[in-house]
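Worksheet: one structure, shown below.
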Amino acid sequence: MPTAKDLVSTGYDAIHRRYADWAGYDRVRRHHYLARAAELGVLRSGDALDLGCGTGRHTTTELVGAGLRVTGIDLSARSIEAARREVPGARFLIADMAALAFPADSFDLVTAFYSIIHLPREEHGRLLRRIARWLRPGGGLVANLGTSGGDAYEDDWLGVPMYWSSWDQKTNRRLVEGAGLDILLDSVETTLEDGQSVTFQWVIARKP
């Protein structure tokens, strides 16, 4: 029986281009939070890590355009193949973000849009602690998290089985702060996705 991470990697392998097209509907929101991060002083020049970069079409491309040196990480090999073709100005690695190892103080910015939600929620706290370690002092995290407080499976999401996992808003905040990050913005937004209401918690945080 496939694991939750198997569902995610094989699912995105199959739909990487379809997902990149579909996800364009939310590009304005991603840009909004990156712009807010710049206003708050955590989007600056230097090195950025984009966790769950997909094909790189959206967030990675914007970070490269802002002049950052970007490393993109994704579990889907097919997504990374496409990213290397489409965004030659960035470096890309096929990896499980929960198992990554970088030296301390490696990055000025970490982004994670619609990606941590695909990790079993029991791994979220450890990943956030690792992110805090990878960030340089003054560096920032810009991410969104689910708020449903459990695991979810769907047999047909954009044509493939898919898995998500999340804590509730209060627990998310506790985990971010427990990782040693100062929260600068914490916003919960509910929007329509293919006619269904979905809620995400958007967080901008800084390493002291």
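The values are calculated or read from the model by the stated rules, or taken from the named source; none is laboratory data. From a predicted model like this one, the values you see are computed outputs, not experimental measurements. Please note: Cβ atoms are built from the backbone with ideal geometry, for glycine as well, and neighbour counts cover all protein chains shown. Side chains included, ligands, DNA and RNA excluded: accessible areas come from the protein's heavy atoms. Shrake-Rupley method; radii C 1.70, N 1.55, O 1.52, S 1.80 Å.
Would you call Leu109 touching a Gly at 6+ places or on another chain (Cβ under 9 Å), assigned to a helix (DSSP H, G or I), at pLDDT 95 or above and not hydroxyl-bearing (Ser, Thr, Tyr)?
No, not satisfied.
With a cut-off of at least 2 residues that are farther than 28 Å from Gly11 by Cα, name the strands (runs of 3 or more DSSP E) lying wholly within the stretch 133-208.
Per the criteria, 135-146, 182-193, 196-206.
Name the residues in the stretch 18-75 that are of a type in the set (S, T, N, Q) and assigned to a helix (DSSP H, G or I), would you?
If the condition is that a residue be of a type in the set (S, T, N, Q) and assigned to a helix (DSSP H, G or I), then Thr59, Thr60, Thr61 are the ones that fit.
Inspect all residues belonging to the stretch 62-82 and state whether any of them is touching a strand residue (DSSP E or B) at 6+ places or on another chain (Cβ under 8 Å), in contact (Cβ under 8 Å) with a residue 40 or more places away in the chain and β-branched (Val, Ile, Thr).
No, there is no match, as no residue in the stretch 62-82 is touching a strand residue (DSSP E or B) at 6+ places or on another chain (Cβ under 8 Å), in contact (Cβ under 8 Å) with a residue 40 or more places away in the chain and β-branched (Val, Ile, Thr).
Residues in the stretch 87-102 that are closer than 20 Å to Asp6 by Cα and either over 17 Å from the mean Cα position of the chain (by Cα) or assigned to a loop (DSSP other than H, G, I, E, B) (or both): how many?
Counting residues in the stretch 87-102 that are closer than 20 Å to Asp6 by Cα and either over 17 Å from the mean Cα position of the chain (by Cα) or assigned to a loop (DSSP other than H, G, I, E, B) (or both) gives 3.
Would you please name the residue that is nearest to Arg136 (Cα to Cα), looking only at residues in the stretch 12-47 that are acidic (Asp, Glu) and open to solvent by 40 Å² or more (accessible area, probe 1.4 Å)?
Per the criteria, the residue is Glu39.
I'm told Met97 meets every condition in (1) out of contact with any helix residue (DSSP H, G or I) (no Cβ under 6 Å at 6 or more places or on another chain); (2) more than 21 Å from His31 (Cα to Cα); (3) open to solvent by 30 Å² or more (accessible area, probe 1.4 Å) except one. Can you identify the failing condition by its number?
Against the list (1) out of contact with any helix residue (DSSP H, G or I) (no Cβ under 6 Å at 6 or more places or on another chain); (2) more than 21 Å from His31 (Cα to Cα); (3) open to solvent by 30 Å² or more (accessible area, probe 1.4 Å), Met97 comes up short only on (3).
Quick one: count up the residues across the stretch 166-198 that are among the polar types (S, T, N, Q) and loosely packed, with under 14 Cβ neighbours inside 10 Å.
So the answer is 5.
Looking at (1) buried (at least 19 other Cβ atoms within 10 Å of the Cβ); (2) touching a helix residue (DSSP H, G or I) at 6+ places or on another chain (Cβ under 7 Å), which is the one condition that is false for Gly159?
(1)
Can you name the number of the only condition in (1) modelled with pLDDT of 95 or more; (2) out of contact with any strand residue (DSSP E or B) (no Cβ under 9 Å at 6 or more places or on another chain); (3) of a type outside the set (S, T, N, Q) that Arg36 fails?
(2)
Condition test on Arg84, is it over 23 Å from Arg136 (Cα atoms), open to solvent by 20 Å² or more (accessible area, probe 1.4 Å), under 17 Å from the mean Cα position of the chain (by Cα) and not aliphatic (A, V, I, L, M)?
Taking the combined requirement at face value, the residue does not satisfy it.
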